[in-house]
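This report concerns only the one structure given below.
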Amino acid sequence: MEVFLIRLLQLMLAISILVLLHEGGHFFFSKLFGVRVEKFYLFFDPWFHLFQFKPKHSDTTYGIGWLPLGGYCKISGMIDESMDTEQMKQPAKAWEFRSKPAWQRLLIMIGGVLVNFLLALFIYSMCLFAWGDEYIRPKDMTMGMKFNNEAKALGFRDGDILVGTEKGEFKEFDADMFRDLSEAHRADIIRHGKKMTITLPGEINLLGMLKSVPQFTRPFVPADVDSVQPNSIAQHIGIRVGDKIVAINGKKIDSYNEFTDGIGRHRDMLDEAKSHADSVAARSITVTFQRTAGDSTQTMTAKAMLGDDLKLGFAVHPLIDYYKPVHVSFGFFESFPAGAKYGWDVLAGYVGDMKYVFTADGAKSLGGFGAIGSLFPPTWDWHSFWLMTAFLSIMLAFMNILPIPALDGGHVLFLLYEMVTRRKPSETFMIRAEYIGIGILMLLMVVANLNDILRFLGYM
C-alpha cells in the first residue's frame, strides 16, 4: 500500500506540473495577442469544482477540478473540448481567438507543446548538472550476457560481451541498446577474450525483443544471495546472506538469470492451472543452495510452497557491486547542450517506436494511468522523479502535436490548411471534427486503462 501511495503521489505531482505548464503555454500566447482566456483549470470540472477564484479586473477564472485527467485553458471564440457552440453563434469579438490572424492562432495552439518540449530539455539539463550521468558500459560487463533462443539462433552465445554495432559502441544496457540491435546488420562482441562480429538481419522486432520471456539478452547475474527478507519463505527454508543458489527443481543453474527463468515456468503453470492440485504443483519448488565456510562447502536442498506472487524473499547483488560505473559530471553551461541532446535522443527513440503501436502486440502494450504510475520508483527519489517527469513531458508534447482533432495537432493541421489555401474550415466542420477527435481519444483511453486492468488481473 505504501508503494502504491508513493507512486500515486509522484504521478499526481508530475501530471500537475506538466498540465499547468502546458496550459500555461496556451495562456501566455493568448494574453500576448490579446485573446481572452475565460477559464484556466488544473484537472477537469464536470458538474462541480474543488476550488476556483477570479481576480479583480481579470477575465479569467482560475480553478481546480475534481477529475485528475488533465486540465484546460478555455479560450474565447475557439471550438475546443468544451463544445461551447452558443458562443460561436454570436458575432466575433476583437478579443476572440477566431478574430486573430492565422499565424497568431497557430502560436497559441503550439504554445503548450512548445513549453512541454522545452521543459523536458530543461529538466534533463538540470538533472545532468545536479547528478551527472552514471552508467555501466556493456563492454565493461566482463561476466557477459545471457541470451534467449531467438538471440542464439542469430549466433549469440551465453557469456558473449556486447560491445556495439555499425552505429557505434553501446553506451549502456538500456532500451537504446536494444533499439540499435534491432536495426543493426552487425553486432560487435567479445567472446572468450576475442573480438568477433555477428551478422544481424537489420529488422528484428524491438517489441518482441523486450517483451519475450526471457528477454533477448540480459546481463549475467550470479545467483549469490545479497539479502533475505525477515519472515520470508527464503528465511524459513534456511537461505542466508552469502549462500549461492545452484539448482531449482533438481536442475542445475549457473546464474540468477536461470533461476528467474525457472520461476517464470512456474508462473506459466500457475496461469494455466485449472484445479487446486495444479495450483499447488505450480507453487511447489525445490531449491538447492550452497554455503561456504572457510575451506568447506555445504550443499542443502529445501522444498518450499510459494504464494501467488511466487517470491522466495531474497535478493542478489546489483550490477554495481560487480562493475565500476562511468560517472560524467557537467558544469552549469555544459549541461544545456548535453540535456538538449539527451532529450532529443529520447524523443527520437519514442517517435521511432510508435510504429509498434499499430501492431497486435503494440496495442496490448498500451498502458493507462496504472502503467504510467508503475514507471515511477517505489521509493521517493528526486532524480528518478525528474527524469520520469521529463520523459512524460516529451510524451505529452508529441502526443498533443499528432494531427488528431481535439488535440493541439488537429487545430494546427486546420490552421496550416487555412494559411495555405486562404480558406477557413467551416464551424460545422470544426465541431464535427472535434466530436470525432474526442471519440478517438476516449477510445484510446478506454483501451489503455482496460489493458492496465487486464494486466492487474493476470489476463495479459
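Model label sites at Trp47 and Glu418, defined 7 Å from Cα along the beta-carbon direction, differ in position by 3.5 nm.
Once fully extended, how much extra length lies between Ile436 and Met12, figured as 0.36 nm per residue of separation less the alpha-carbon to alpha-carbon distance?
Values: separation 424, 0.36 × 424 = 152.64 nm, distance 2.84 nm.
Going from the current span to full extension adds 149.8 nm.
Skip the ligands, DNA and RNA, and give the accessible area per residue of the chain with a 1.4 Å probe, whole Å². Walk me through the numbers on the way to the answer.
Details: 24850 Å² over 460 residues.
Roughly 54 Å² per residue, with all protein chains present.
In order along region 43-54, the phi-based Karplus estimate (6.51 cos²θ - 1.76 cosθ + 1.60, θ = phi - 60°) of 3J(HN,Hα) comes to 6, 8, 10, x, 6, 7, 10, 8, 6, 7, 8, 10 Hz; Gly and Pro are listed as x. Near Glu183: Cβ cut-off under 10 Å, other residues only, Lys/Arg at +1 and Asp/Glu at -1. The net charge is -1. Close amide H partners of Asp243, meaning residues 5 or more places away or on another chain with modelled amide H under 5 Å apart, are Val225. Take each uninterrupted DSSP H stretch in the chain, measure its Cα extent along the helix axis, and return the ones at 18 Å or beyond whose mean Kyte-Doolittle hydropathy is at least 1.0. Sorted by number, the helices that extend far enough and score high enough are 2-32, 102-131, 382-401, 427-457.
The amide H of Gly164, built 1.01 Å from its N in the peptide plane, has Phe170, Asp188 as neighbours under 5 Å, considering only residues 5 or more places off or on other chains. Run the quick spin-label model on Trp103 and Asn149: label points 7 Å from Cα toward the beta carbon, then report their separation in nm to one decimal. Placing both labels 7 Å beyond Cα along the Cβ direction yields 6.2 nm. In order along region 310-318, the Karplus-derived 3J(HN,Hα) couplings, from 6.51 cos²θ - 1.76 cosθ + 1.60 at θ = phi - 60°, round to 6, 10, 7, x, 9, 10, 9, 5, x Hz, and Gly and Pro are given as x.
Element breakdown for the chain at a 1.4 angstrom probe: carbon and sulfur atoms account for 62% of the accessible area. Centre-to-centre, using Cα atoms only, region 297-342 and region 29-49 are separated by 44 Å.
Taken one residue at a time, the phi angles of region 153-165 give Karplus couplings (6.51, -1.76, 1.60, θ = phi - 60°) of 5, 8, x, 6, 9, 4, x, 4, 9, 6, 10, x, 9 Hz. Gly and Pro are set to x. Longest segment of the chain with no chymotrypsin sites (Phe, Trp or Tyr not before Pro) in a DSSP loop having at most 13 other Cβ atoms within 10 Å? Answer from the scan: 1-379.
Run the numbers for Ser232 and Ala277: contour at 0.36 nm per residue of separation, minus the present Cα-Cα distance, in nm. Write down the numbers at each step before the final one.
On the way: separation 45, 0.36 × 45 = 16.20 nm, distance 2.36 nm.
Net length gain for the segment: 13.8 nm.
Under the classification rounded if a/c is under 1.5, otherwise prolate if a/b is larger than b/c and oblate if not, where does region 307-451 fall, given a ≥ b ≥ c as square roots of the Cα gyration tensor eigenvalues? Verdict is oblate for region 307-451.
The values are calculated or read from the model by the stated rules, or taken from the named source; none is laboratory data. Not measured: the values here are computed from a predicted model. Cβ: placed from backbone, ideal geometry, glycine included. Neighbour counts: every protein chain shown. Protein only, heavy atoms only, side chains kept; ligands, DNA and RNA dropped before computing areas. Shrake-Rupley method; radii C 1.70, N 1.55, O 1.52, S 1.80 Å.
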